[in-house]
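Remarks on the structure that follows.
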Amino acid sequence: MSSSPPTPARSAAADAGKAGGTPAPLLSLRGISKSFGAVAALTDVDLDVSAGEVVALVGDNGAGKSTLVKTLSGVHPPDSGTITFESREVSVTSPAAAQQLGIATVFQDLALCENLNVIENLFLGRELRGLRLDDVAMEVRSRELLQQLSAKIPSVRVPIAGLSGGQRQTVAIARSLLGDPKIIILDEPTAALGVAQTAEVLNLIERLRERGHGVIMISHNMADVKAVADTVAVLRLGRNNGVFDAATTSAEELVAAITGATDNEVTRRARRSAGTAATAATTTDKESADKEGDADE
Amino acid sequence: MSDVDVRPPAAAAGTADAADEPSGLRGVIAAVTGRMRGGDLGVAPVVAGLIVIWTVMQILNPVFLSSDNLSNLTMEMVPVGVISLGVVFMLLVGQIDLSVGSLSGVAAAVTAVLFVDQGFNPWLAVLAAVALACLIGWVYAQVFNRFGVPSFVITLAGLLGFLGLQLHVLGPKGAINLPFDSRLVTFAQLDFVPPWLAYTLVVLAAAALYGTGHAHASARRKAGLSATSERVLVLRSVAVLAGLVLAVWYLNRDRGVGWMFVFFLVLVLVAHYVLTRTKYGKAVYAVGGNVEAARRAGINVRTIYTSAFVICTTLAAIGGILAAARLAAANQSTGSGDVNLNAIAAAVIGGTSLFGGRGGAWASLLGILVIQSISNGLTLLNLDSSYRFMVTGVVLMLAVALDSVARRSRASAGRA
């Protein structure tokens, strides 16, 4: 692993995420559109990612998050629009091309072989010295890499089957780092993880930012988004629906952008429970029980 | 696979990272129990089973462990053992070949017809039969890769089809005798390693084991990794040396070590190296473990499947030719009966998982040793094949059950 670029200040990174930031973004998408037959999955989508910035890509189911990620990782090349990477206009036509450019994707299913150990998984398909494997060099690099990520893996020679979900996510992310990518795309990295494991992965994402990688994270979990993201890009029905600064935007505002209205199921629910709490303070127990009964309906 | 992690205190400082393993004996025990708990049983069950079988057989008939009988055992296990080595490759990629018996019969028939009836040079005849098997494996793989037909259906069709081909090639006579003085027959029946050469080979093997182990350990130590300690290396080599010298001495009280058995050992060693120490081997395990992950890692999955099919059919052909050579005849029953299932059973009993991605080349040697010991022991007791089939069936059932239980515990360990 080559030395990481110097860590940019967080505020600078956050500024760059907003339109008109001073440093040119590492990756910028302009007017990306993609249709599958008659279905327009993406229409005129823009997205910017700078080095050392975590961009959360949020949106409801079917908003086009996965399609956007697939256009970036070369699985579905876009129909129109431009992808600018390190100030050069590029075309990402295949997963191999994306890797070549330095865009690594960790898909939700991780794609690890449970029967192989951590080292074998990290180096799968790019083993050192094919006819007489250099396991010493591979183990050294694996340990270095995991150490840089402060990963908690019991042993690099334990099969993946013996690791927890968070540890597997760590291995999958570490593997994406072997190609020394500039941009790392994480598809729902905390889905299906427990509380402690989620924290582990969030720490890992922060470490990726410190190392100067640009990170695009798809997530449904507003708490995770608020916890690690610098910028939140909202997609709705295949279009941009706002780019927010994660530090100053509330979860409610994000939900409003995701669902496309301030009056939605989530805000109604929040209002209802707030109202219940207020009433409960001034009324008798019986009445408040009735109110709660109403709220449940 | 038999690496023992003993961390010398000096190396610990160089690797004081979070991903460090515990040191010393505790580390060794932790590694072994962890692997077992994770459902990675390795060769432990089959070695235990072998000890039980040998003890029982010896008690029932004291001739069983005689030099004469063991020498015979090492020879008669080779043909099916070679076939089973090919099956290991298929099982590792998560597929199966049910036609290995028929293929071995076809190869034996083709060799015999070309050699005896057509007057070819025997090696040319062998080469032709092996080439035919390669072609068959390639065709299997094309059907599998292009049309997505499950391998067991393809090879089930092959089982029937090639049984027909075998009968057709043999013609109305139904059997062709191979001349007793041909190199092919003497190789399978009469050629034994001279004692001095056998001992030399044993010493060389032990020295090579120490040499490679030492080089590997010092490379790891230099890189600051945990390494097998010098003491363990020496002990291991001495144990192997003692074991092999004892085996060679014991077998040499009778006829000695057959060249055919040495040939099988070499095949197993080469296969072991290919599977564990090459990029190709890792790809084989990856395809058997998770095809999608292998594909995304840039492995050409179709090529790996094709190679497994071709290796399996080729080794099946070699096994069939050896069987014919041992019998000095190719006939309609070469490769029929229990050959097919014994070859598959040997691979599974030896510890190769039916679910793909687990096992190794040694499985074929250990598995066939179990099956042949049962068969040989029951024959010594004058019990006919009805008992042999039943006992082998029970052992196979145990092995598959163990595989399934281990797989389940792997799954639950993975969830933990």
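Where in chain B are the helices, taken as whole DSSP H runs, whose Cα atoms extend 30 angstrom or more along the long axis and whose Kyte-Doolittle mean reaches at least -0.5?
Span-like helices, by this rule, are B:122-147, B:195-222, B:230-252, B:301-327, B:385-415.
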Per-q log10 I(q)/I(0), chain B, q = 0.06, 0.07 Å⁻¹ (Debye; single scatterer per alpha-carbon; no solvent)
-0.27, -0.36
For the range B:195-227, state which trypsin sites (Lys or Arg not before Pro) are in a DSSP loop and have at most 15 other beta carbons lying within 10 Å of their beta carbon.
none
From Cα pairs below 8 angstrom and at least 6 apart in sequence, can you work out the relative contact order of the range A:40-141, rounded to a whole percent?
16 percent
Would you mind checking the radius of gyration and Dmax of the range B:182-307 based on alpha-carbon positions, in Å?
19.5, 56
When the Debye formula is applied to the Cα atoms of the range A:36-110, each taken as the same point scatterer, what base-10 log of I(q)/I(0) results at q = 0.20, 0.22 Å⁻¹?
-1.00, -1.22
With 17 Å as the cut-off, how large is the P(r) tail for the range B:282-369, expressed as percent of Cα-Cα pairs?
58 percent
Evaluate the relative contact order of the range B:192-257 (contact order divided by residue number), counting alpha-carbon pairs under 8 angstrom at least 6 apart; express in whole percent.
49 percent
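Using helices alone, I'd like the mean residue ellipticity at 222 nm for the protein assembly as shown: each DSSP H run of four-plus residues gives -39500 (n - 2.57), total over residue count, nearest 500.
Numbers: 29 runs with 419 residues, N = 713.
Result for the protein assembly as shown, helices only: -19000 deg cm²/dmol.
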Can you give the Kirkwood hydrodynamic radius for the range B:192-257, in Å, rounded to one decimal and based on Cα pairs?
12.9 Å
Taking 8 Å as the Cα distance limit and 6 or more residues as the minimum spacing, I'd like the relative contact order of chain B as a percentage.
34 percent
Looking at the calculated P(r) for the range B:304-416, what percent of the C-alpha pair distances fall above 21 Å?
47 percent
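Distances over 23 Å make up what percent of all Cα-Cα pairs in the range A:21-165? Working shown, then result.
Working: 5227 of 10440 pairs.
That fraction is 50 percent.
Cα convex hull of the protein assembly as shown: mean projected area in nm², to one decimal? Could the numbers behind the result be given before it?
Working: hull surface 163.6 nm².
Average of the hull's projected areas for the protein assembly as shown equals 40.9 nm².
Taken together, the values in this text are just the output of simple stated rules run on the coordinates, not laboratory data. The model shown is predicted, which means the values in this text are computed figures rather than measured ones. Quick reminder, even Gly has a Cβ in these numbers, built from the backbone with ideal geometry, and neighbours come from all protein chains shown.
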